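Okay, so here's the structure we're looking at.
The values are calculated or read from the model by the stated rules, or taken from the named source; none is laboratory data. These numbers were taken from a predicted model, which means no experiment stands behind them. Here Cβ is always computed from backbone atoms with ideal geometry, including for glycine, and neighbour counts include all displayed protein chains.
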Amino acid sequence: MIASVRGPVLTVTANAAVIECGGVGLAVTLTPAAREGLRRGEEATILTHLVVREDSLTLYGFADDAERDVFVVVQGVSGVGPRLALGLVSTLGAEGLTRAVAGEDVAALTKAPGIGRKGAQKLVISLAGKLAPAGTGAGVPGGLSGGAGVPGGGALGGLGGEVQAALERLGFSAQQSAAAVVEVQGLPDAPTEAAALLRQALQTLRTSR
């Protein structure tokens, strides 16, 4: 997982920037808040989340932990994906999106590009209880950087952390990966080897789709 990038800004466009890191220019798709203040030639630090697909590796950039954490949870919803999630965070902000879901404000959610009324209603149902009110962490229960064993998408430790990282490299979100690992490790005959744990976690994720 690439959690952040820092370096000189090479280019800035309407919704993205290229940041030089160790001689490599990394393209980062940004929320408006993350893009604000970026100047070509000046050094910048951007919090990021890497989305892995079979044919692409895409870095998404955020202004703070709250934006990033809400994005990770939302893009894990079936049928949403990273582009729609970024549009929601960009349009409503982390706090506004959390408030809209908690208040079942379908009209507010439909302001985001690509989100119709049915899609907004699905988001309200799918995200119920998964986004924490502002001021209680990074936008999700316990925060994505919370302790091991947090089903809401926390960073796991030890063997579970290795398997979670492997699942994320395969394209699953941090929330999906952590939840699957926690579920398998909670079984009476839970695997004690990484390969076996990974296989069962993958089975769990595929079954839930």
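For every residue, the table says whether it meets (1) farther than 18 Å from Val52 by Cα; (2) in contact (Cβ under 8 Å) with a residue 12 or more places away in the chain.
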| residue | (1), (2) |
| --- | --- |
| Val181 | yes, yes |
| Val184 | yes, yes |
| Pro191 | yes, no |
| Ala201 | no, yes |
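Can you find even one residue in segment 73-83 that is among the charged types (D, E, K, R), under 23 Å from Ser177 (Cα atoms), crowded, with 24+ Cβ neighbours inside 10 Å and at pLDDT 90 or above? Taking every residue of segment 73-83 in turn, none turns out to be among the charged types (D, E, K, R), under 23 Å from Ser177 (Cα atoms), crowded, with 24+ Cβ neighbours inside 10 Å and at pLDDT 90 or above. Looking only at segment 23-73, residues that are touching a Gly at 6+ places or on another chain (Cβ under 8 Å), of a type in the set (Gly, Ala, Ser) and not in a strand (DSSP E or B) come to 3 in all.
Does Val80 satisfy the condition of being without any contact (Cβ under 8 Å) to a residue 60 or more places away in the chain and under 14 Å from the mean Cα position of the chain (by Cα)?
Considered against the rule, which asks whether it is without any contact (Cβ under 8 Å) to a residue 60 or more places away in the chain and under 14 Å from the mean Cα position of the chain (by Cα), Val80 comes out as yes.
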